[in-house]
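K.L.:
Please find one structure pasted underneath; my questions will follow.
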Amino acid sequence: MRDKPNTERTILMHSPIRRCSLKIYLPVFLIMIFTFLNQSFGTAVDFSDNARWIYLAGQDHSDSAPVAHFRRVFDVDAQVKTATATVTAKGIYHFQLNGKSVSDAYFLPGWFDYESRIYCHSFDVTDHMRSGENAIGIQLGDGWYCGYLGFKGQRRSYGEHPELLFELVVEYENGSTLKVSSDESWKAATGPILESDFYNGEVYDARLEMPGWALPEFDDRNWADVATGIVGENEAALELAPHAPVVAANILKTIEFWQTDSGSWIFDLGQNMVGNAKICVPSVEGMEVTIRFAEMLKKDRTLYTENYRTAKSTDVYICKGGQGFEFWEPLFTFHGFRYVELNGLREDLQPSEDWVQGIVLHNEMKQIGRFECSNPDLNQLQSNIVWGQKGNFLEVPTDCPQRDERLGWTGDAQVFAPTACFNFDVLDFFKKWMVDVLDAQREDGAFPHVAPNVLGEGWFDSPAWADAGVIVPWEVYVRYGDREILEDNFEGMLRWISYQEKDSPGLVRADRGFGDWLQPYQAKERDRRGDTNRSLIGTAYFAYSTALTARIAGILGDKDKADELESLKERIVVAFQKEFWTAEDHLTSDTQTAYLLALAFDLLPEEKRPIALDHLLRLIDEADGHLRTGFVGTPLLTQVLTRFGKTDLAYSILLKETYPGWIFSIRQGATTMWERWNSYSHEDGFGDAKMNSFNHYAYGAIGQWMYETIAGLKPDPEQPGYQHFYVAPKIGGDLQWAKASVETQNGRAASKWRIEGDSLVLIATVPEGSKATVIIPEGFRKRIVYQGRDLDGLTEMKVAEGVHTFVASR
């Protein structure tokens, strides 16, 4: 149970990049002010020689075991000047001092490669100290360390059981110091949390609560002595965590509830989300409330849970009994859901809407980007993209948040990175995750498919997935101007390029990998990997990653390496043309994605590109104006069409209401992005449950085109971080207005346009210290007036800080 302070909290977080504050309003039961001390990436943490890893011996963690509680009482016998607690765990913990939570973060210390590094957090606990006896209380769960993880039913990916490491340093005003470290003097016991697991949920028996267990006066004579392990013995380095933690970002309320034929009650929160259900139920001793979750409903309005696969995703709360109501939220699990089912309520009880609330969890990240337009479907699409990002940015960029997977798939992250960087400030989030990617990189240079890599040796080097090691740092650099992410990852990029060069006879990649994942076939019931040749995809990405790495080498001042890589890229392009472009002037793989890759990555001679474009247009026409692209091709589709003068077609594909397409899922009731184009339809029901996530952000990569082309707010890679940017909307799709804004390091940058009769009003907002190039869209260039002055045919103009208004007529 979490503490219940006041209704407003201010989180002050000190990241390695900058200090940010986020004010969130939450009900009284969720709040706790906390301050993380100033932290820098890769900063080593030293514990005293007396500190030991501690754990509760005798537990069997081959399946979920009861959560261990640890406590230690100590005396404060002088005036406290400062007190700092440094904590980490192999597992996840919740830290109390004198019965009060020290942090409102969830799942500390987070998820990372425990074999490479273990992150720690330091807390300023000066205000928690009191004269005389004080007590430390910490609960320790399995988490990612030894809970279920991966989609093979595996447990104990990193170790046999959870362990805790702690040190408190108290500096007195008289100059003396007190240290309290985790060691053999601590006591341990189990309590009301009988099971806790990310995939399966949490079981809590409130009758087993130990009131005051984290207070000094609690009687712990029946508690066990802890077992200990030596710090630093055959383990990874201890470092301060470089990123913001998971927090409760907001709360969703029930919009509707009903009783099923079986007697259970289902609560609809109105939005597919990630986090937990906070329940409020009458205090009936021994009443066992089973809480199940689902993203979707079956036609009989019962839960659809088949797509969770082996993840039980079920919480159980057993009431302790007493007067009034009991409130409960699980501590060491999370779920992906819109619907919550309560089963086991006493038959005479009549629920109300406030019995269930949704606690939305994700890493703390400030929303910095906004998009809106005159088309309600596109506004819903933007909402779906944002909620998909919220739900899957939980410690790592997961593919999905609900089934027995929830892994940091690299391919999904790389296609979505530009969109992610616009919506939220995810600089530190991605910088931390790229450490995970580098930690998982193989010695020969191959990047993994997931990071942290818990899948093992066979999950490396798929094109588009492994290329995240180059593409994600680049896209983050372009959006935030952070040179450090390029410096940190450059050697890893070089190893990846070198690996591909050695592994590619004639510079042509082998036919392996995931291909254009979930590329839809002509018949909507058939999703398959095939069609686009995987060797073509691999060689295209080989060329693209090499080109980007050459560009990065130049930015970092290594001209020789840049020239070397540019030469290699040119040779890969020649190999691509020789292997995949036929004498009959077409690609060997006749798919939309194949031509999109060739055009997007400049893999064909100038004179062949119009021919390739014609093939792409033919394939779109053969698909009745629909896309036929999967995870690889979809992010490129509208970008390529716009680049080659086919923006109207890009709008048409985007706005298609029939399968496959973005608006199709909205017509089926989507409130997040879906894994498949046909995950569900009113006509045909649910797709293949083996792979059918309803919260899967990859196809949300279209957001980049919406912000940069519809609204026209586009960064300039030559002057990253919006030091210079473009305001260059492309008007279409019968839209009457659109606007986008993003908070940059210099301030708010924005583009806003509306059609008024035969005129276009375009407003560009440029923050102090930045510059922008405004390009008036075609079709509105008959007469252009800027701030009341006629531009006499000028269609492009550079502007400095300020708000700039252009009125252009047809």
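The values are calculated or read from the model by the stated rules, or taken from the named source; none is laboratory data. Source: prediction; values computed, not measured. As a convention, Cβ positions derive from the backbone with ideal geometry for all residues, glycine included, and neighbour counts pool all protein chains shown. The protein model used for the area step is the full one, side chains on, heavy atoms only, and it has no ligands, DNA or RNA in it. Shrake-Rupley method; radii C 1.70, N 1.55, O 1.52, S 1.80 Å.
K.L.:
If you plug each phi of the stretch 330-342 into the Karplus form 6.51 cos²θ - 1.76 cosθ + 1.60 with θ = phi - 60°, what whole-Hz ³J(HN,Hα) values come out, in order, with x for Gly and Pro?
P.N.:
These are the phi-based 3J(HN,Hα) values: x, 9, 10, 8, 8, 9, x, 6, 10, 10, 10, 10, 9 Hz.
K.L.:
Using θ = phi - 60° and the Karplus curve 6.51 cos²θ - 1.76 cosθ + 1.60, what whole-Hz ³J(HN,Hα) does each residue of the stretch 708-714 get, with Gly and Pro shown as x?
P.N.:
Along the stretch 708-714, the couplings run 8, 10, 5, 7, x, 9, 10 Hz.
K.L.:
Of 742, 698, 489, which is farthest towards the positive pole of the chain's charge dipole, taken about the Cα centre with +1 and -1 on the beta-carbons of Lys, Arg and Asp, Glu respectively?
P.N.:
Result: 742, furthest along the dipole toward the positive end.
K.L.:
Then there is this: Give me the 1.4 Å probe accessible area per residue for the chain, excluding ligands and nucleic acids, in Å².
P.N.:
Per-residue accessible area for the chain comes out at 37 Å².
K.L.:
Could you tell me the calculated FRET efficiency between residue 325 and residue 115, based on Cβ-Cβ distance and R0 = 45 angstrom, to the nearest 0.05?
P.N.:
0.50
K.L.:
Leaving ligands, DNA and RNA out of it, report the carbon-plus-sulfur percent of the accessible area of the stretch 297-340 at a 1.4 Å probe.
P.N.:
52 percent
K.L.:
Residue 666: accessible area at probe 1.4 Å, nearest 10 Å²?
P.N.:
20 Å²
K.L.:
Turning to a different aspect of this structure: Report the one residue of 112, 136, 185 whose Cα lies farthest in the direction of the positive end of the charge dipole of the stretch 112-189 (charges on C-beta: Lys and Arg +1, Asp and Glu -1; origin at the Cα centre).
P.N.:
It is 112.
K.L.:
Given a 1.4 Å probe and the protein chains all in place, what does the accessible area of residue 116 round to, in Å² to the nearest 10?
P.N.:
The value for residue 116 is about 40 Å².
K.L.:
Same structure, new question: Can you list residues from other chains, or at least 5 along the same chain, whose modelled amide H is less than 5 Å from the amide H of residue 632?
P.N.:
517
K.L.:
Once you've got the Cα coordinates, tell me which of 100/432; 366/752; 320/390 are over 24 Å apart.
P.N.:
Those over the limit are 100/432; 320/390.
K.L.:
Related question: Using a 1.4 angstrom probe on the protein heavy atoms only, could you order 629, 795 from most to least accessible area?
P.N.:
Of 629, 795, the descending order of accessible area is 795, 629.
K.L.:
Moving on to the next point. Label-point separation (nm) for residue 563 and residue 154, each offset 7 Å from Cα along Cα-to-Cβ?
P.N.:
4.6 nm
K.L.:
What is the calculated FRET efficiency for residue 643 to residue 585, with r their C-beta to C-beta distance and R₀ = 22 Å, to the nearest 0.05?
P.N.:
Efficiency for this residue pair is about 0.60.
K.L.:
Just for the chain, what percent of DSSP beta bridges are antiparallel, to the closest 5?
P.N.:
Within the chain, antiparallel bridges account for around 95 percent of the total.
K.L.:
If each residue of separation counts as 0.36 nm, what is the full-extension length gain between residue 63 and residue 383 once their alpha-carbon separation is subtracted?
P.N.:
Taking 0.36 nm per residue and subtracting the Cα distance, the gain is 111.4 nm.
K.L.:
For 179, 90, 798, write out the residues from largest to smallest accessible area, computed with a 1.4 angstrom probe and no ligands counted.
P.N.:
My answer, sorted largest first, is 798, 179, 90.
K.L.:
Under unit Cβ charges (Lys, Arg +1; Asp, Glu -1), what dipole magnitude, rounded to 20 debye, does the stretch 70-209 have relative to its Cα centre?
P.N.:
Dipole magnitude for the stretch 70-209 comes out near 200 debye.
K.L.:
Express in nm, to one decimal, how much length is gained between residue 347 and residue 794 on full extension, taking 0.36 nm for each residue of separation and deducting their alpha carbon distance.
P.N.:
This chain segment gains 153.4 nm when fully extended.
K.L.:
Shifting gears a bit: Quick one: grab the alpha carbon gyration tensor of the stretch 118-244, order the square roots of its eigenvalues as a ≥ b ≥ c, and give me rounded if a/c is under 1.5, else prolate or oblate depending on whether a/b is larger than b/c.
P.N.:
oblate
K.L.:
A further question follows. Which of rounded, prolate, oblate describes the stretch 497-634, given a ≥ b ≥ c as roots of the alpha-carbon gyration tensor eigenvalues and a/c under 1.5 marking rounded, otherwise prolate only if a/b is larger than b/c?
P.N.:
prolate
K.L.:
Enter the Cα centre distance for the pair the stretch 256-300 and the stretch 550-586, rounded to the nearest angstrom.
P.N.:
55 Å
K.L.:
Check which residues have an amide H placed less than 5 Å from residue 201's amide H, if you skip close sequence neighbours.
P.N.:
Sorted by chain and number, the residues that satisfy this are 313, 314.
K.L.:
Moving on to the next point. Describe numerically, in nm with one decimal, the distance between label points set 7 Å from Cα along Cα→Cβ at residue 737 and at residue 299.
P.N.:
4.3 nm
K.L.:
Something else now. Report the gain in length on full extension from residue 207 to residue 682: 0.36 nm times residue separation, minus Cα-Cα distance, nm rounded to one decimal.
P.N.:
Contour length minus the Cα-Cα distance gives 166.5 nm.
K.L.:
Next question. In what sequence, largest accessible area first, do 590, 104 appear using a 1.4 Å probe?
P.N.:
Ranked from most to least accessible, the order is 590, 104.
K.L.:
I would also like to ask the following. When the dipole is taken about the Cα centre of the chain, and only Lys, Arg (+1) and Asp, Glu (-1) are charged at their Cβ, what size is it in debye, to the nearest 20?
P.N.:
With Lys and Arg at +1 and Asp and Glu at -1, about 1940 debye.
K.L.:
Please state the Cα pair-distance histogram of the chain with 10 angstrom bins from zero: what percent is in each bin?
P.N.:
With 10 Å bins starting at 0, P(r) equals 2, 13, 22, 24, 19, 12, 6, 2, 0.
K.L.:
Which ³J(HN,Hα) values in Hz, rounded to whole numbers, follow from the phi angles of the stretch 70-80 under the Karplus curve 6.51 cos²θ - 1.76 cosθ + 1.60, where θ = phi - 60° and Gly and Pro get x?
P.N.:
Once θ is set to phi - 60°, the couplings for the stretch 70-80 become 10, 8, 8, 9, 9, 9, 10, 10, 8, 6, 7 Hz.
K.L.:
Continuing with this model, one more query. Within the stretch 104-125, find all residues whose amide N lies under 20 Å from a label point positioned 7 Å from the Cα of residue 44 along Cα-to-beta-carbon.
P.N.:
Answer for the stretch 104-125: 113-122.
K.L.:
Calculate for the chain the 222 nm mean residue ellipticity that helices alone would give, adding -39,500 (n - 2.57) per DSSP H run of length 4 or more and normalising by residue count, nearest 500 deg cm²/dmol.
P.N.:
-7000 deg cm²/dmol
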